[in-house]
Each structure stands twice: as C-alpha cells, then as structure tokens.
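The values are calculated or read from the model by the stated rules, or taken from the named source; none is laboratory data. Small disclaimer: the values here were computed from a predicted structure and weren't measured. Glycine gets a Cβ as well: all are built from the backbone with ideal geometry, and neighbour counts include every protein chain shown.
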Amino acid sequence: MLALAVFAAFVAGCRTELPPIRQRGAWLVVENQTSTEWKNVSVTLNAYYRGVSPALAAGGRLEAPLSNFVTGLGQRFNTAREHISRVEVRATDAAGKPVALDWDEKTGPPLVQEGR
C-alpha cells in the first residue's frame, strides 16, 4: 500500500467552530480537536481509497491532496470523476484508546468546504 504524503501542521488558535473533517478545494483536511496526540492515523474515502500518517499532534491537522488517496491496487482518487461520499478516520490516542471519526453524505450534514 502506498503511504499517503500528508502535511501535518499545528493550528494556531482554536478552530472548534469547524468540523474535524472538511474539504479545501481538492484537499481533504482532518483536524485533531483533542488534547492528545493520535498515532497510526488512517483515512479512508468512499470505503476504497486510503491514506495514512504515523501521527497527528493534538490541535494539529492533516492536509492531503485527494489524488494521494489510493486503493489497495494503486488506483488514485480522481476528482474529475468522483466526489467524497464517506470519510472514515481511525487512529490510536496517547493512552492506547481507539479514535474514530466518520462523515457520511447520506446521514450527516454536507461536507464543509473550508475557505468558502
């Protein structure tokens, strides 16, 4: 499986008014809005496309181009042909407890478009 190249950055200030999963153009943003670091972060789009990061700091965010998400067979997410319908985030916190964040277009509000 190809590892997802991600950019983890610390967020200055509190952004709790935004949901932890959102989109910024052709990028997916996942924000750790907790006070503890996450390890072994896995992000799955539409149940097929996956990206990983070894860690996400407390208050930090992952930003990744949608085209960096790949299937187990190496097929990349194509923004010209597909849209995000589901996002699953799985990780482990500093205490070893599982972290699970989910967004689904069928059951939740629309995916927030950051910067609009």
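Selection of first residues in the range 72-94 that are in contact (Cβ under 8 Å) with a residue 60 or more places away in the chain and of second residues that are in a loop (DSSP other than H, G, I, E, B) and surrounded by 13 or more Cβ atoms within 10 Å (Cβ to Cβ), restricted to Cβ pairs under 8 Å at least 6 apart or on distinct chains, gives the following pairs, ordered by first then second residue: GLY74/LEU2; ILE84/ASN46; ILE84/GLU105; ILE84/LEU111; VAL87/LEU111; VAL89/PRO20. Note on the range 33-74: residues that are closer than 15 Å to ASP102 by Cβ and either acidic (Asp, Glu) or under 10 Å from the mean Cα position of the chain (by Cα) (or both) amount to 6. The residues of the range 103-114 that are part of a loop (DSSP other than H, G, I, E, B) and surrounded by 10 or more Cβ atoms within 10 Å (Cβ to Cβ), listed by number, are GLU105, GLY108, LEU111, VAL112, GLU114. In the set (1) over 22 Å from ALA26 (Cβ atoms); (2) under 15 Å from the mean Cα position of the chain (by Cα); (3) of a type in the set (Ser, Thr, Tyr), the condition left unmet by THR107 is number (2).
Return a yes/no flag: does the range 16-30 have any residue that is at pLDDT below 95 and β-branched (Val, Ile, Thr). Yes: the range 16-30 contains one or more residues that are at pLDDT below 95 and β-branched (Val, Ile, Thr).
When the range 25-37 is examined, which residues are found to be outside any strand (DSSP E or B) and over 24 Å from ASP93 (Cβ atoms)? Correct list: GLY25, ALA26.
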